[in-house]
Amino acid sequence: MSKKTFNPADWTETNKTESKATANNKPVQSTNPIPPLGGGSEGSDIETITQRIESSSVDIAPNYADWRDLGFALADELGESGRSYFHRLSRFYQDYNSTEADKQFDACLKAHGNGVSIKTFYHLAKAAGINVGIPKVKESKPTITLEDKAETGETSENETNTQLCSFPSEIFDQLPDLLRRITVKGTSPEDKDILLLGSLVSMSSCLPNIYGVYAEREVFANLFLFVTAQASAGKGRLTLCRKLVEPIHKALREQNRAEFEIYQRELTEYAAAKGDKVNMEKPQEPTLKMLVIPANNSATGLFQILNDNKGKGLIFETEGDTLAQTFKSEHGNYSDGFRKAFHHETITYNRRKDREFVEIDMPRLSALLSGTPKQVSALIPNAENGLFSRFIFYFMNIRYEWKDVFAGESGQTLDHYFDHLGDQFHELYKCLQSQDKPMRFCLTVSQQKQFNSYFEQTQIQYIELCGEDYIGTVRRLGLITFRIAMILTALRIMDNGELKSPLVCSDTDFNIAMEMVKVLVQHAAHVFQQLPTDTATKVQPNQKQQFLNML
């Protein structure tokens, strides 16, 4: 499959018919007018750079994501007039097809830019070695892009006007049935996105006996998510996602209560035995079983609960400052354990009460948080310690519209609806838990090549846009994408009933995961650029250094 051939998750359908008009890479003749030259207009800048690209015969968009964004950029800036440029710039791709390019550009026009500005075109050209000069972009464009910030170096703590893109609408029809029934309750594209992400993260803590191998290490499905938005933007809908795993949490708590009742009876019998205790063992207090672990906890308290539950758990907090305040307390900073749990690294702690040294091997912790942008910076003041790069970030745009609070009234509330879905997921959980042997998840060879190609180019792109501190985020987004594909594949078991090892990822689920990460990398970059910057202390140079600087 070529890099620009569409797959089920793409935004337009595939057309594999080769066009005779494109033979020998001849320019495409189009009836669409080219914007006039001269006067320093945007059209003249685009024309000048396009001519430079044609002179160099270079493909500035060698992969599908760049090609799609190139179409968005031209459609957003020039409308229908951008079609001819799209053909002229696309024809240097070895498998270029004019019909396919037309369909893609039609989709870009319908998407109304999708948040991609003409600066993406300049960035792609520059990355391909083309001299782009310093083109002046129209000031009337309200969208702030990463390219804007990269060139100006300007950031703002309250960028409420920034409109970030949401997941492609086409992926929702291709989701596993359980996720499709969850996201159908979304009232907007962003609402669907957070319901999808919240569900994936919640369920990532409850997929026993499924693992994968990534970078030659065993990994499990666990994810960290932080949904950030201004107050009243709608992030509270995440609470519905907890209902998906609530039956599992309740089952563990009921089991714990039953074990504790037995313990109390045995303890009473032991206390009443008096002189007969020689032949009796003092009953052991049962471990504290639960799935959802409170974030407001001491470090030792959290690790103890995690240890009691064999290293498995879910931290679910709709107010991110709860965890931020815990990290700031004297005995509550378990940030290091949080970071270790993401990669299933061993967590160690000391129990003073019993003078016991405890090791938690292969911890499998998931976390779902939400809060305002300031709560993000309170929890993660900078990207240096690696906590930032372990999270999926989703920035919600605030919408200034009143929602009809009486719409969709029916006999079943959302709470009951999600309770029912949670019961169904509980059945999958019990089925996976009963398996004798763990099942390994894996990608196909073709998927592995696409995966490596995308992240290699994305790393190069975002080093230029965000600097070297963002490398960790891009690299861990690779692991996150692998885990998302693992969860999607596991949920397909509910659709097809196939319990087998290995669990091979389908192209549909792989493409869904890849389309999601293309959006998530932009959201993470936006949140990253809002983190407080460390102000370095200015050291006054000595006389020799001043002299050298003057030279």
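The values are calculated or read from the model by the stated rules, or taken from the named source; none is laboratory data. Computed from a predicted model, the values in this text were never measured in an experiment. Note: ideal-geometry Cβ built from the backbone for every residue, glycine included; neighbour counts use all protein chains shown. For the accessible areas, the whole protein counts, side chains as well, though only heavy atoms, and no ligand, DNA or RNA atoms are used. Shrake-Rupley method; radii C 1.70, N 1.55, O 1.52, S 1.80 Å.
To keep it simple, each residue is scored yes or no on (1) touching a helix residue (DSSP H, G or I) at 6+ places or on another chain (Cβ under 6 Å); (2) without any contact (Cβ under 8 Å) to a residue 60 or more places away in the chain; (3) farther than 18 Å from ALA221 by Cβ; (4) open to solvent by 40 Å² or more (accessible area, probe 1.4 Å).
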residue: PRO373; (1), (2), (3), (4): no, no, yes, no
residue: ALA383; (1), (2), (3), (4): yes, no, yes, no
residue: SER389; (1), (2), (3), (4): yes, no, yes, no
residue: GLY422; (1), (2), (3), (4): yes, no, no, no
residue: LYS430; (1), (2), (3), (4): no, yes, no, yes
residue: ARG440; (1), (2), (3), (4): no, no, no, yes
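Tell me, which helices (runs of 4 or more DSSP H) wholly within the range 456-540 include 2 or more residues that are in contact with a strand residue (DSSP E or B) (Cβ under 9 Å, 6 or more places away or on another chain) and open to solvent by less than 10 Å² (accessible area, probe 1.4 Å)?
Those helices (runs of 4 or more DSSP H) span 471-491, 507-528.
Of everything in the range 169-217, what is without any contact (Cβ under 8 Å) to a residue 24 or more places away in the chain, open to solvent by 10 Å² or more (accessible area, probe 1.4 Å) and assigned to a helix (DSSP H, G or I)? Give them in sequence order.
SER169, ASP173, ARG180, PRO189
Identify all residues within the range 228-244 that are of a type outside the set (Gly, Ala, Ser) and within 11 Å of ASP191 (Cβ to Cβ); write none if there are none.
Matches in the range 228-244: LYS235, ARG237, LEU238, LEU240.
Which condition number does PHE226 fail, the rest of (1) out of contact with any helix residue (DSSP H, G or I) (no Cβ under 6 Å at 6 or more places or on another chain); (2) touching a residue at least 12 places away in the same chain (Cβ under 8 Å); (3) farther than 19 Å from VAL292 by Cα being met?
Unmet for PHE226, out of (1) out of contact with any helix residue (DSSP H, G or I) (no Cβ under 6 Å at 6 or more places or on another chain); (2) touching a residue at least 12 places away in the same chain (Cβ under 8 Å); (3) farther than 19 Å from VAL292 by Cα: (3).
State whether one or more residues within the range 300-308 are open to solvent by 20 Å² or more (accessible area, probe 1.4 Å) and more than 16 Å from ARG351 (Cβ to Cβ).
no
Could you look through the range 265-288, keep only residues that are closer than 29 Å to LEU365 by Cα and in contact with an Asp or Glu (Cβ under 7 Å, 6 or more places away or on another chain), and pick out the one that is least open to solvent (accessible area, probe 1.4 Å)?
Per the criteria, the residue is PRO286.
Which ones in the range 219-264 are of a type in the set (Ser, Thr, Tyr), touching a Ser or Thr at 6+ places or on another chain (Cβ under 7 Å) and open to solvent by 50 Å² or more (accessible area, probe 1.4 Å)?
THR239
Filter the range 344-366 for residues that are among the acidic types (Asp, Glu) and closer than 12 Å to LEU306 by Cβ; which is modelled with the highest pLDDT?
My answer is ASP361.
Here are some residues: ASN279, ASN309. Which one is over 23 Å from PHE226 (Cα atoms), among the polar types (S, T, N, Q) and modelled with pLDDT of 90 or more?
ASN309
Restricting attention to the range 78-115, which residues are open to solvent by less than 10 Å² (accessible area, probe 1.4 Å) and touching a His at 6+ places or on another chain (Cβ under 7 Å)?
Scanning the range 78-115 gives a single hit, ALA101.
Out of everything in the range 54-77 that is polar (S, T, N, Q) and either touching a Phe, Trp or Tyr at 6+ places or on another chain (Cβ under 7 Å) or closer than 17 Å to VAL521 by Cα (or both), what residue ends up being least open to solvent (accessible area, probe 1.4 Å)?
So, considering only residues that are polar (S, T, N, Q) and either touching a Phe, Trp or Tyr at 6+ places or on another chain (Cβ under 7 Å) or closer than 17 Å to VAL521 by Cα (or both), the one least open to solvent (accessible area, probe 1.4 Å) is ASN63.
I'd like the residue in the range 326-343 that is modelled with pLDDT of 80 or more and in a helix (DSSP H, G or I) and, out of all such residues, is surrounded by the most Cβ atoms within 10 Å (Cβ to Cβ).
Among those residues, the one meeting the criterion is ALA341.
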